[in-house]
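Enquirer: Below: one structure in structure tokens.
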Amino acid sequence: MADWVAILNFLSRWALFAAVTYKAYQTKDKGWALLSIAFFIDALNIENYILTPLGIKIPDCVYPLASKISDFYIGLLLPWGAAHLKNGKTTFRHVIYLGTIVVVSYVWLFLLAINAFGDNFAVNSSVPSLVLGGAMIYAGYVLWSNVVSTRLWDRLFPTGLILVGALNLTYPVGRPIEWYSTMAFFLAALGRLSSAVGALFFVFYPIKEPEYSAKVKTRLIPGAYIFSSMEKAIKKLGKDIVSSCVAVVRMDPEKAASAFHGDSVVFWVTKAKDGIIREEHPRIIAIEPQKLGILQDLISKELEKGYKRVYVDALEYLKNEMDFNTAMKFLLAVKDIAISHGGTMILVANLNAFDEKERKLLIKEFGEGGL
């Protein structure tokens with residue numbers, strides 16, 4: 001392998017670690033923290049071409065076993081962090097999956113320690129490569145679907161991870177083949193470089209709010225507004241409120257797909273489904289009303305990407321499914337998050353569905369100029 005390929009691979013690992021670590025510091029998010037740990041281990045992976053330039057030599061007698069430990073560590077941390085970024089927490093199902101990785105890792109390392117497979121390189125490397133490759137592909141998929149924007153530079157982040165993950169799946173069979181391993185190392189270097197470049201752009205050059213159309217007479221001032229209908233909100237604030245926004249709605253996905261435009265992210269509050277409903281823009285994600293804490297975290301993550309408008313029309317439903325105080329606590333938290341990001345929150349609600357005390361509180365927090 002050419003020296004420059006090894007150097008490129010080495011530097012791109014550290015660049016990726018630096019970008020993700022800064023993101024973890026910036027957001028104080030557990031998901032990013034877990035990813036930063038994984039990328040640190042990856043940057044100091046027990047591979048000769050990484051450690052030799054640093055003057056570090058792993059004894060040949062322990063190298064076959066030691067080189068697999070980091071694969072399992074990364075294979076555990078990447079899906080763990082990705083699950084936090086996607087859901088805001090890890091569920092019992094995630095614990096089962098991650099626990100399975102831990103058990104499989106221990107059993108496989110035990111088998112390697114007793115030399116159960118002899119010098120069979122393909123078998124010795126099969127499970128570690130499967131765990132590592134699968135973890136990278138899953139993390140890349142989550143970043144692509146739930147985290148990074150559609151901007152080309154940002155997309156390089158998950159694309160590079162998926163490429164490197166796919167190459168790792170071929171490692172047990174391809175590594176002994178000289179021409180293939182040379183090509184694979186080169187492609188892995190390109191994959192890591194693209195991932196590092198994408199991460200740097202995503203973290204240090206986030207997407208900016210699109211300029212308001214010249215046709216919009218009213219420029220939105222950071223704050224909160226309440227309206228009795230979407231039509232009234234658009235009439236007073238302009239069509240931009242439903243373009244490139246974060247929406248929490250009760251309308252069905254088909255109607256939401258036509259109502260919101262641009263790079264909008266729509267959270268459909270429903271008990272019927274859970275998860276991604278529509279991949280193309282506007283992206284639509286179903287979430288249960290009982291998961292308001294997770295929804296709040298997801299909205300916060302979208303605002304961190306550069307969105308400036310939050311549109312909510314699910315208050316009546318949340319009141320019926322939960323209670324008014326719980327729904328109001330959620331609204332106020334989202335309002336504070338939006339304003340802290342220099343954004344605007346638009347609440348659409350029928351005040352006739354609330355008692356006098358509730359109406360007064362809504363008007364106090366969101367004004368009455370749009371009613």
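The values are calculated or read from the model by the stated rules, or taken from the named source; none is laboratory data. Just so it is clear, the model here is predicted, and its values are computed rather than measured. Note that each Cβ is placed from the backbone with ideal geometry, even for glycine, and that neighbours are counted across all protein chains shown.
Here is a yes/no grid of residues against (1) assigned to a helix (DSSP H, G or I); (2) touching a residue at least 40 places away in the same chain (Cβ under 8 Å); (3) in the same structural domain as W32 (by TED's automatic domain parsing); (4) not basic (K, R):
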{"site": "I241", "(1), (2), (3), (4)": "yes, yes, no, yes"}
{"site": "A247", "(1), (2), (3), (4)": "no, yes, no, yes"}
{"site": "I277", "(1), (2), (3), (4)": "no, no, no, yes"}
{"site": "I284", "(1), (2), (3), (4)": "no, no, no, yes"}
{"site": "G293", "(1), (2), (3), (4)": "yes, yes, no, yes"}
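Enquirer: Take the stretch 290-318 and flag every residue that is more than 20 Å from the chain's Cα centre (by Cα) and either surrounded by 19 or more Cβ atoms within 10 Å (Cβ to Cβ) or at pLDDT below 90 (or both).
Expert: Here is the first cut: in the stretch 290-318, the residues more than 20 Å from the chain's Cα centre (by Cα) are 290, 311-318.
Of everything in the stretch 290-318, those that are more than 20 Å from the chain's Cα centre (by Cα) and either surrounded by 19 or more Cβ atoms within 10 Å (Cβ to Cβ) or at pLDDT below 90 (or both) turn out to be Y311, V312, D313, A314, L315, L318.
Enquirer: May I pose another question? Out of the stretch 146-177, which residues are free of Cβ contacts under 8 Å to residues at least 24 places away in the same chain and farther than 16 Å from S126 by Cα?
Expert: Of everything in the stretch 146-177, just one residue is free of Cβ contacts under 8 Å to residues at least 24 places away in the same chain and farther than 16 Å from S126 by Cα, namely L152.
Enquirer: Would you be able to say whether some residue in the stretch 233-249 is of a type in the set (D, E, K, R), under 20 Å from N87 (Cα atoms) and over 19 Å from the mean Cα position of the chain (by Cα)?
Expert: The initial filter retains those residues of the stretch 233-249 that are of a type in the set (D, E, K, R), namely 235-236, 239-240.
If we keep only those that are under 20 Å from N87 (Cα atoms) as well, we get none.
No: the stretch 233-249 contains no residue that is of a type in the set (D, E, K, R), under 20 Å from N87 (Cα atoms) and over 19 Å from the mean Cα position of the chain (by Cα).
Enquirer: If a residue has to be surrounded by 18 or more Cβ atoms within 10 Å (Cβ to Cβ) and farther than 22 Å from L130 by Cβ to count, how many in the stretch 44-88 make the cut?
Expert: Total satisfying the criteria: 4.
Enquirer: A follow-up question, please. Report yes if some residue within the stretch 339-346 is among the hydroxyl-bearing types (S, T, Y), outside any helix (DSSP H, G or I) and either in contact (Cβ under 8 Å) with a residue 12 or more places away in the chain or over 21 Å from S149 (Cβ atoms) (or both); otherwise report no.
Expert: Yes.
Enquirer: Starting from residues that are closer than 19 Å to G343 by Cβ and basic (K, R), keep the ones in the stretch 216-272 and report whichever is modelled with the lowest pLDDT. Steps first, answer last, please.
Expert: To start, the set of residues in the stretch 216-272 that are closer than 19 Å to G343 by Cβ comprises 216, 218-227, 230, 233-234, 236-249, 260-267.
This time we only want the ones that are basic (K, R), so: 219, 236, 239.
On the way: R219: 53, K236: 86, K239: 82.
The selected residue is R219.
Enquirer: Separate question: Sort through Y138, Y73, Y97, Y106 and tell me the only one that's at pLDDT 95 or above, farther than 27 Å from S194 by Cβ, out of contact with any strand residue (DSSP E or B) (no Cβ under 8 Å at 6 or more places or on another chain) and of a type in the set (F, W, Y).
Expert: Working: Y138 fails: farther than 27 Å from S194 by Cβ; Y73 fails: farther than 27 Å from S194 by Cβ; Y97 fails: at pLDDT 95 or above.
When all the criteria are applied, what remains is Y106.
Enquirer: Would you pick out the residues in the stretch 126-141 that are farther than 18 Å from E47 by Cβ and crowded, with 23+ Cβ neighbours inside 10 Å? Quick ask: steps written out before the conclusion?
Expert: At the first step, the residues of the stretch 126-141 found to be farther than 18 Å from E47 by Cβ are 134, 137-141.
Across the stretch 126-141, the qualifying residues are A139, G140.
Enquirer: Also, I was wondering about something else. Please go through the stretch 181-203 and give me each residue that is among the hydrophobic types (A, V, I, L, M, F, W, C) and in contact with a Lys or Arg (Cβ under 9 Å, 6 or more places away or on another chain), ordered by number. If you could, list the steps in order and put the result at the bottom.
Expert: Pass one, the stretch 181-203, residues among the hydrophobic types (A, V, I, L, M, F, W, C): 183-190, 193, 196-197, 199-203.
Result: A184, A196, A199, F201, F202, V203.
Enquirer: Condition (residue is crowded, with 18+ Cβ neighbours inside 10 Å, outside the structural domain of E302 (by TED's automatic domain parsing) and in a helix (DSSP H, G or I)) applied to the stretch 116-125: is it met by at least one residue? Full working, then the answer.
Expert: Narrowing the stretch 116-125 to residues crowded, with 18+ Cβ neighbours inside 10 Å: 124-125.
Restricting the remaining residues to those that are outside the structural domain of E302 (by TED's automatic domain parsing) gives 124-125.
After this cut, where a residue has to be in a helix (DSSP H, G or I) as well, the list is 124-125.
The answer is yes, given that some residue of the stretch 116-125 is crowded, with 18+ Cβ neighbours inside 10 Å, outside the structural domain of E302 (by TED's automatic domain parsing) and in a helix (DSSP H, G or I).
Enquirer: Kindly establish whether K319 is within 21 Å of K239 (Cβ to Cβ) and either outside the structural domain of D252 (by TED's automatic domain parsing) or in contact (Cβ under 8 Å) with a residue 12 or more places away in the chain (or both). Before you say what the answer is, go through the steps one by one.
Expert: Values: within 21 Å of K239 (Cβ to Cβ): no; either outside the structural domain of D252 (by TED's automatic domain parsing) or in contact (Cβ under 8 Å) with a residue 12 or more places away in the chain (or both): yes.
Spelling it out, it is not the case that K319 is within 21 Å of K239 (Cβ to Cβ) and either outside the structural domain of D252 (by TED's automatic domain parsing) or in contact (Cβ under 8 Å) with a residue 12 or more places away in the chain (or both).
Enquirer: Go through (1) under 24 Å from V142 (Cβ atoms); (2) part of a helix (DSSP H, G or I); (3) of a type in the set (K, R) and name the single condition K273 misses.
Expert: Among (1) under 24 Å from V142 (Cβ atoms); (2) part of a helix (DSSP H, G or I); (3) of a type in the set (K, R), the lone unmet condition for K273 is (2).
Enquirer: Then there is this: For the stretch 1-110, give me every one of the helices (runs of 4 or more DSSP H) that falls completely inside it and has 2 or more residues that are hydroxyl-bearing (S, T, Y) and assigned by TED's automatic domain parsing to the domain that holds G165.
Expert: Numbers: elements: 3-27, 30-43, 48-51, 63-87.
Because the criterion is at least 2 residues that are hydroxyl-bearing (S, T, Y) and assigned by TED's automatic domain parsing to the domain that holds G165, the helices (runs of 4 or more DSSP H) in the stretch 1-110 that meet it are 3-27, 63-87.
Enquirer: Which of the following residues is closer than 30 Å to R283 by Cβ and either in a helix (DSSP H, G or I) or among the small types (G, A, S) (or both): T182, T159, T150? Full working, then the answer.
Expert: On the way: T182 fails: closer than 30 Å to R283 by Cβ; T150 fails: either in a helix (DSSP H, G or I) or among the small types (G, A, S) (or both).
The match here is T159.
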